[in-house]
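Chemist: This is the structure, below, for whatever I ask next.
Each reported figure results from applying straightforward, stated rules to the coordinates on display, with no laboratory input. Computed from a prediction, not measured in an experiment: that's the story for all the values here. Cβ atoms come from the backbone with ideal geometry, glycine included; neighbour counts cover every protein chain shown.
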Amino acid sequence: MGYMVTKLKAGKAKAAAAASKKKPGRSFAIGGVKMKDLTLFTRQLSILQDAGLPILRSLKILADMQKPGRLKNSLLDTCDEIEGGTTLSEAMAKSPKCFDRLYTNMIRAGEAGGALEVILRRLSEFMERAQSLRRKVKGAMVYPIVVVSVAVGILTFIMLKIVPQFKKIFDDFGSELPPMTQFLIDLSNWIANYWYLIPAIPFGIRLVIKGICLIPYGRFGWDLFALKAPIFGQLVEKNIMSRSTRTLGTLLASGVPILEALNITKETSGNMMFEQLFQKVSDSIRDGNAIAKPLKEFSVPPLNLVAMLFWTAFVPGVGALLYLTRYKKPVVDDLVINMVDVGEESGELDTMLYKVADTYDEEVAVLTESLTSLMEPLLIIFLGGAVGFIVIALFLPLIKLIQDLS
C-alpha cells in the first residue's frame, strides 16, 4: 500500500496464545523417515518444479498426499517456515530427522545456482540408486537368514523332543553307548537345561561389540575388521566405496564446494576408516594439494590391536596371522585413484566419480549374487550333515542292540 513501517510491537498475549496453540495437521510421530518415502517425495517434487509450479504450492500438494507421520509433519513445518520468509534449504535444515545434511546442502546449491529442478532430479536419481543397491543386498540376505533360522528351529526341536525319547530306550537296555551317541545325548541335555542361551549368546556378542565400539579406538578396530573380514569384507568395502563416490560426485555436480562435499561424504560413509581418510584428504586440500595424491597416501590402514582381537576371535588359530598379512592392503583401489586423477586434470571429476560408483555398483551386485549362490549349497551341506550326524548317532546303539539280541 506504499506505507513505511516506523514501529513494530509484538502483542504478548497473542504471541503466547499462538505459541501454545497446536499446529494443525500434525500427528504424533516416532523415529525417522523411510528411505522409500523420501525418495518418492523427492522425485515428485522434482517433477512439480520442472512443471513450473511455485515451491510452496508444490510442498503443500505433496504434504496433503502423505500419510500421517514424520515426513508429513516435516513438510508442514517446512511450508510454515517458507511462508515466514526463509528459503527452502533453511526450512528443511530445521527438520534434520527428515532431511539430512546431504539433502539440505544440495538444495542450497540448487537455490544458489537457480537450478532447483535439476538438483532435485539429480538428488532423486542418487537416492533411487542407493535404495536399489540396498534392496539388492538385503534381498540376498533373506534366503540364508531364513534357512539358518529354520535349521536352528528344527535341530532344537530334535534335541528337545526326539533325542530324550531315544535316551529312555537306551537307559532301559542299560548298554554302553558309542561316543558319538553319548556326545549327542550330552548336547541334548545341555540344550534342555540352558536353551535360553541359544538366543542370549548372539545377543551378548552384539552387546560386547557395541560396548567396544563406544570407544573410538575400538570402533575403528571393528570397522577395520568389517572391511577386511573373510568373504563379507569385500562386499562391505565395495558398498562403502560405491556410496561415497556417488555422494561426492553428486555434491560436486550440484555445485557444493569441495571441502563441504568431503565433510558430508565423511559423515555419510558409515565407517571410521573412511571418515579419517576423507578428513585427511580435506586437510590436504586446504594445504593446496589435489585429491588423488592424499587419497592414495592415506588409504593404507594402520595396525589396530582391536581389529587383531576380532580376527583372533572369529578365525581361531590363524586369525592374528591372517590380519598381519592383510591389514596393509589399501581400502581405495588404484582404479579409483587413477580415475580421480584423470577427472581432476580434465575438469570432469564428478563424471569420473559417477563412473567409479557405477563400476562398484555392478561389482557389489555380482559379488552379492555369487555369495548367495555359494551359500545355498553350504547351508544345505550344513543342515544335511547335522541331521545325518543325529540319525547315525541315534541308530548306532539300536544296531548294536539288534546284533546282541540276535
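Chemist: Would you mind listing how long region 231-362 runs along its three principal axes, going by Cα atoms, in whole Å with the largest first?
Modeler: The Cα atoms of region 231-362 stretch 51, 34, 23 Å along the principal axes, largest first.
Chemist: With labels modelled as points extended 7 Å from the Cα through the Cβ direction, what inter-label distance (nm, one decimal) is found for D50 paired with V387?
Modeler: Result for the modelled spin labels: 5.3 nm.
Chemist: With the cut-off at 23 Å, report for region 107-231 the share of all Cα pairs above it, as a whole percent.
Modeler: 65
Chemist: Could you tell me how many degrees, from 0 to 90 and to the nearest 10, lie between the Cα long axis of helix 305-314 and the main elongation axis, the longest principal axis, of the Cα atoms of the chain?
Modeler: With both axes taken from Cα atoms, the answer is about 40 degrees.
Chemist: Another question, if that's okay. Based on the alpha carbon coordinates of region 26-99, what radius of gyration and maximum Cα-Cα distance (Dmax) apply, in Å?
Modeler: For region 26-99, the Cα radius of gyration and maximum Cα-Cα distance read 11.5, 34 Å.
Chemist: Still on this structure: If Lys and Arg each add +1 and Asp and Glu each add -1, what is the summed charge of the other residues whose beta carbon sits under 10 Å from the beta carbon of A91?
Modeler: -4
Chemist: For a label point 7 angstrom out from the Cα of I212 toward its Cβ, which stretches of region 219-263 have the backbone nitrogen within less than 12 Å?
Modeler: 219-226, by backbone N distance to the label point.
Chemist: Roughly speaking, what % of Cα-Cα pairs in region 354-405 are separated by over 12 Å, rounded to a whole number?
Modeler: Cα-Cα pairs in region 354-405 separated by more than 12 Å: 74 percent.
Chemist: Starting with the highest mean, order 322-333, 116-127 by the number of other Cβ atoms within 10 Å, averaged over the residues of each peptide.
Modeler: 116-127, 322-333
Chemist: Less than 24 Å apart at the alpha-carbon level, and either on another chain or at least 8 residues along: which lysines does that give for K168?
Modeler: Correct list for K168: K400.
Chemist: Could you work out how much longer the chain between D283 and K136 gets when fully extended? Use 0.36 nm per residue separation minus the Cα distance between them, nm to one decimal.
Modeler: That pair, D283 and K136, stretches by 49.4 nm at full extension.
Chemist: Kindly state, as a whole number, the per residue volume in cubic angstrom of the convex hull around the alpha carbon atoms of the chain.
Modeler: 235
Chemist: Under the Karplus relation 6.51 cos²θ - 1.76 cosθ + 1.60, θ = phi - 60°, what is the ordered set of whole-Hz ³J(HN,Hα) values for region 57-65, x standing for Gly and Pro?
Modeler: Going residue by residue, I get 5, 4, 5, 5, 4, 6, 5, 5, 7 Hz, with x marking Gly and Pro.
Chemist: Let me ask something else about it. Holding the Cα-Cα limit at 29 Å, pick out from K34/K328; K228/K266; K7/K72 the pairs that are longer than that.
Modeler: Over 29 Å Cα-Cα: K34/K328; K7/K72.
Chemist: OK, next. Given Cβ point charges of +1 (Lys, Arg) and -1 (Asp, Glu) and nothing else, what value in debye, to the nearest 20, does the dipole of the chain about its Cα centre take?
Modeler: Taking the Cα centre of the chain as origin, the dipole is about 1920 debye.
Chemist: Put +1 on the Cβ of every Lys and Arg and -1 on every Asp and Glu Cβ in the chain; which of A51, Q279, T156 then has its Cα farthest towards the positive end of the dipole?
Modeler: Going by the charge dipole, the pick is A51.
Chemist: Something else now. Which of N193, C98, N289 sits closest to the plus end of the dipole of the chain, meaning its Cα is farthest towards the positive end, when Lys and Arg get +1 and Asp and Glu get -1 on the C-beta?
Modeler: C98
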